[in-house]
Amino acid sequence: MPVILATDLIVFLVTGGAIFMAYRSTRGNGAVLREIKQNRLAAVSLVFLCLYLGTALMDSLRWRDVAVDENGAALITEDGGAVYESEALSLLDRALSGLRTGTEKSYSAPFASRLFVKESMELPDGRVTRGYPPLRYPGTHILGTDKVGSDVLYTAIKGIRTGIVIGTGTTLIIIPFAIFFGVIAGFFGGFIDDIIQYVYTTLSSIPGVLLIVAFMLLFGGKGFQGGLVSESDVFLSVFVPNDRLFWLCLILGITSWTDLCRLIRGEAMKLRELEYVNAARAFGVPGSGIIWRHIVPNLMHIVLITVVLQFSGLVLAEAVLSYIGIGVGPEMGSWGNMINTARLELSREPVVWWNLFASFLFMFGLVLPANIFGDAVRDALDPKLRYR
Amino acid sequence: MLSYIIRRLMYAVPIIIGVNVLTALLFFRVNTPDDMARKILGEKFVTPAAVENWKKDHGYDLPAFINTDEHGAGIVTQTIFFQKSAPLLWFDFGRSDRNNIDIGREIRGRMWASLAIGLPTFIFAIIINLFLAMILAYLRGTLLDTWGLFICVIMMSISILFYIIGGQFFLGKALRLLPISGYDTGLHSIKFLILPVIVALIGSTGAGVRFYRTVFLEETGRDYIRTARAKGLGESRVLFKHALKNAMIPVLTNVVVSIPFLFYGSLIMESFFSIPGLGSFTIDAIQAQDFAIVRSMVYLGSILYIIGLILTDISYTLVDPRVVFD
């Protein structure tokens, strides 16, 4: 039984958008593609980003298995309906089931064959000593295991989807609003412009972090409710988003749409005065037609630039928010949560460093390519802003 | 000049009122006083009487926005919105929900610790970033410039959390050069301030240097620079004398907006380094779900931002004589 969360839809949309952009840039004049072909660093970054997006996509295709009893027979309800497991495992979970289920008792170092902490062990002759017991799956934990013995590599990979959703979902949510309000403010001017300017100045004058905090304290309390479910709530989770990640995207969007809106308003004001818009007006094209045909297509490059440049900042913001305790819940894999626990592990003796290392590696592997790629996209689309 | 400032302040009034109404909506309408009372008294086993009692004690027993039981001005004034939000306009922050402490006094006491970190970070960040940016701009097009920029991008791609944890681990724990966290009064506080300031500086370098470098290069593309070069001035003289002065305009106007926030503190820095400033005050309030404090800090932050915007406008007119008070 498939389960689709609201945040899964975001991942699907982003994947679709990415494929569409790739298709578009192979046709047309292909300015972005040419730029990226010339810039080898950007090409490598693009490959990295695609890998991350692919992982996030795999982690978003999820379905519930039919619940089975201890004999392996499927459970059914009294009226013959199927009963499903409470947990919906994603394609990624199933692909990495070795890592997911191969848990140890506690910390173990990367590639270790013994546990990192001492435990009482019973020797073959019956005596009990303190020592490092052998692992159940020695040598398989490339990045070690954490306090409760789960594989760190697996946890870090699970963080990818969270990072991607935060980085893209936020902008995806705000783009329609920012374009709509920015364009009508810039195009029509006057009273509408005043109102919209007032709204976004007010919103942007509230400190972003605190607005996010307040919002998450008020709305973020609703965690995922588990339990066995019947077939009737298959798609319920789409329409009633009950995961904190979605709310986090929403509020990050509310705090960051003002910048994009301001940029679009400025650009729309500039475009309004251009000759071809005047010509369209002289031909009697109505306002909505001018906006749709002449204004919006000509400011899409600003939208695209903002999206790619905002991406890395949002991924970094998620880590900070999770540290403050208002990010995604602890049940969800995220690099912020990993850093948060890793902080205390550094004060252990000897130091447990692999949790921090893993979160660093995976986060850096996403944010650095995103920054490089973002710069390349901006250079290609807006030569005026190019760093000379 | 004075009339200009007054006019700018007048523009700020509707925005401040808007912020006030918005926070009130968020904190009183979405999260009703009943919810607040239940959260503070504990989610379970709370009797309705206890909730009513708590609301009465903390002044939340009035209607939210319109009191139909009152007459005349009382319709508006005898409401939670007016009683709790209007005093914010004259900086009366009231008392906290949980410990009943005087929020205004707490803010006045704690802002100096925030300033002790914020001010040195602010000043050194400008100096260091400007200096590095000028070097990169001077070397533009060379291999050093390319690598410098790449290092900037790398530094930008690392979360501030790693800088903090790394700084605490290497400078504090491994080398034992500086205390890991804590605070003290007066001059004794300096040894506690060095590490957070260093970490904050490293964290801001990547983005800062890149931004200032762009500003510089924008400036060096202008006509007067070409004139200066044409009359035979050396590159360093052109860059450090002519370009620097004019590049200071966008630099100044960009940093002025953050000056009021030096008092405001940083949530993560202060909580990681146990600095008793406003940032850690806010974090504690968030963790204790004390909405009165969070609301006060939201409001204070908005005010500081608006002050920053006004200061920016004024600084524009001060550093660039072409901009007139209009």
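Things worth noting here:
- Spatially proximal aspartates and glutamates relative to A:Lys118 (Cα-Cα < 17 Å; intrachain offsets below 8 disregarded): A:Glu104, A:Asp146, A:Glu345, A:Glu349
- Across A:Met121, A:Met338, the residue with the most accessible area heads the list, and the full order at a 1.4 Å probe is A:Met121, A:Met338.
- For region A:255-306, the list of chymotrypsin sites (Phe, Trp or Tyr not before Pro) that fall in a loop by DSSP and count at most 11 other C-beta atoms within 10 angstrom reads A:Phe283.
- Nonlocal amide H pairs with A:Val3, under 5 Å, H built at 1.01 Å: A:Arg62, A:Trp63, A:Arg64
- Tilt relative to chain B, helix B:244-256 - C-alpha long axis, 0 to 90 degrees, to 10: 10 degrees
- Average beta-carbon neighbours from other chains, 10 Å sphere, peptide B:294-302: 4
- Expected 222 nm ellipticity per residue - DSSP helices of 4 or more, -39500 (n - 2.57), all of chain A, to 500: -19500 deg cm²/dmol
- Vicinal HN-Hα couplings computed from phi for region A:125-139 (Karplus, 6.51 cos²θ - 1.76 cosθ + 1.60; Hz; Gly/Pro x): 8, x, 6, 10, 10, 9, x, 9, x, x, 6, 6, 10, x, x
- Sites B:His188 and A:Phe283 - FRET efficiency at Förster radius 56 Å, r taken between beta-carbons, to 0.05: 0.15
- Kirkwood Rh, angstrom, the protein assembly as shown [1 / mean 1/r, Cα pairs]: 28.7 Å
- Placing B:Phe192, B:Phe82 in order of accessible area, with the largest value first and a 1.4 Å probe, yields B:Phe82, B:Phe192.
- Under the span-like rule (Cα at least 24 Å along the axis, Kyte-Doolittle mean at least -1.0), DSSP H helices of chain A: A:6-26, A:40-58, A:170-188, A:244-272, A:296-324, A:354-381
- Out-of-range pairs (alpha-carbon distance over 22 Å; input B:Lys39/B:Lys84; A:Lys37/A:Lys270; A:Lys147/B:Lys39; A:Lys158/B:Lys39; A:Lys105/A:Lys158): A:Lys37/A:Lys270; A:Lys147/B:Lys39; A:Lys158/B:Lys39
- Maximal additional length on extending the B:Asp92-B:Glu218 stretch stands at 40.8 nm, based on 0.36 nm per residue less the C-alpha distance.
- From helices alone, chain B scores -20500 deg cm²/dmol at 222 nm; the rule is -39500 (n - 2.57) for each run of n ≥ 4 DSSP H residues, then divide by the residue total.
- Long-range HN-HN contacts of A:Tyr84 with modeled amide H, under 5 Å: A:Ala67, A:Val229
The values are calculated or read from the model by the stated rules, or taken from the named source; none is laboratory data. The structure displayed is predicted, hence computed values, not measured ones. We place every Cβ from the backbone using ideal geometry, glycine too, and count neighbours over all the protein chains shown. Only protein heavy atoms, including side chains, enter the accessible area calculation; ligands, DNA and RNA are left aside. Shrake-Rupley method; radii C 1.70, N 1.55, O 1.52, S 1.80 Å.
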